[in-house]
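The values are calculated or read from the model by the stated rules, or taken from the named source; none is laboratory data. Owing to the predicted nature of the structure, the values given are computational and were not obtained by experimental measurement. Don't worry about glycine lacking a Cβ; one is built from the backbone with ideal geometry, like all the others, and counts go over all protein chains shown. Each accessible area value is taken on the protein alone, full model and side chains, heavy atoms only, with ligands, DNA and RNA left out. Shrake-Rupley method; radii C 1.70, N 1.55, O 1.52, S 1.80 Å.
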Amino acid sequence: MAEEKSNTGIPYQIISDFKFPKSFISECITSTIQYKPRNDDIFLSTFPRCGTTWTQQILYLIFHKGIPPKDGKDFMLFSPYLEMMGIETANKVRPCVLKVHLPFHLTPYAPESKYVYVARNPKDCCVSYYYFLTRTVGNVKITFDEFFEHFITGEISYGDYFDHVLSWYNHRDDSNVLFLTYEEMKQDICAVVKKICVFLGAEYSELINDNEIMKNIVHFSSFDFMKNTTNENYNAIRLQKDKDLGKIQEIWEKRKVTDSKLVRKGEVGDWKNHFSASQNERMNELIQCRFGNTNLLHIWKDLL
């Protein structure tokens, strides 16, 4: 039984001592956590708003040799959002990538499965998450100053950002885990695509030598392409009563979503347009406290 919380201004439910969106169906969450991975399963995990959709697109393009999704359904069945859509969507298409927003300890694990994790600096994550809740989801009425307080205390869906990132960072050297950052993707997307190809195995590492395929992967995962195409595709499937998409339609109706834009700005440093001096100081103290013993501070030293 899920425990619901709504006194924070950002409603959530608690399952397995973890915070999930209140609109999600508890059976989908529970079945995801209890799922026993197949040896060929590939998981993509992030804290929300850390480059998830971008990485999904890149993975799709790698698996399909540079050919983009034909529509939103094609994209979502290739990388189903398990907590939202239900575990039954994991077997609709094979091969596929299983998207979750779970910390390491709740992610279905098997030594033979592969796991891609993407982290984003907490300041930009905070801003992007705010816009996602207030515009894309559309049913959260809260100011940025209010959201900032919830973010730094972990009183939001998917809980404490720092706990989430560290849970995967601590496994960054595992042979079946690829730990990436949004910022390195922005800095050199070609290098990151090659890194992902090698991680996925021999069949995909061979793509590195095909200049045309690599060119298409970079082009069709660019911000300009995705801002139009991905947003249009995602909006279009909201209007479809498609049972192949699991429970997602029920959730959209519950949220009363009218216009979903998964791809917003795609910038590094947008936090500077939102943080007050006091908020920046408080966040810096928290970053130093939580990430002080990691090399994440070095990776993000010019951004924070």
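Per-structure values
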quantity: Checklist (1) at pLDDT 70 or above; (2) not in a helix (DSSP H, G or I) applied to residue 259, failing item; calculated: (1)
quantity: Residue count for segment 80-125, restricted to those that are modelled with pLDDT under 95 and polar (S, T, N, Q); calculated: 2
quantity: Exclusive hit being more than 29 Å from residue 172 (Cα to Cα) and at pLDDT 95 or above, set 291, 275; calculated: 275
quantity: Filter pass, residue 14 being over 30 Å from residue 196 (Cβ atoms), open to solvent by 20 Å² or more (accessible area, probe 1.4 Å), modelled with pLDDT of 90 or more and of a type in the set (Val, Ile, Thr); calculated: yes
quantity: Residue tally, condition touching a residue at least 60 places away in the same chain (Cβ under 8 Å) and either surrounded by 14 or more Cβ atoms within 10 Å (Cβ to Cβ) or assigned to a strand (DSSP E or B) (or both), over segment 193-215; calculated: 9
quantity: Residues (outside any helix (DSSP H, G or I) and in contact with a Ser or Thr (Cβ under 9 Å, 6 or more places away or on another chain)) located in segment 61-78; calculated: 68, 69
quantity: Qualifying residues in segment 17-53 (those that are of a type in the set (Phe, Trp, Tyr) and modelled with pLDDT of 95 or more) - the one nearest to residue 112 (Cα to Cα); calculated: 43
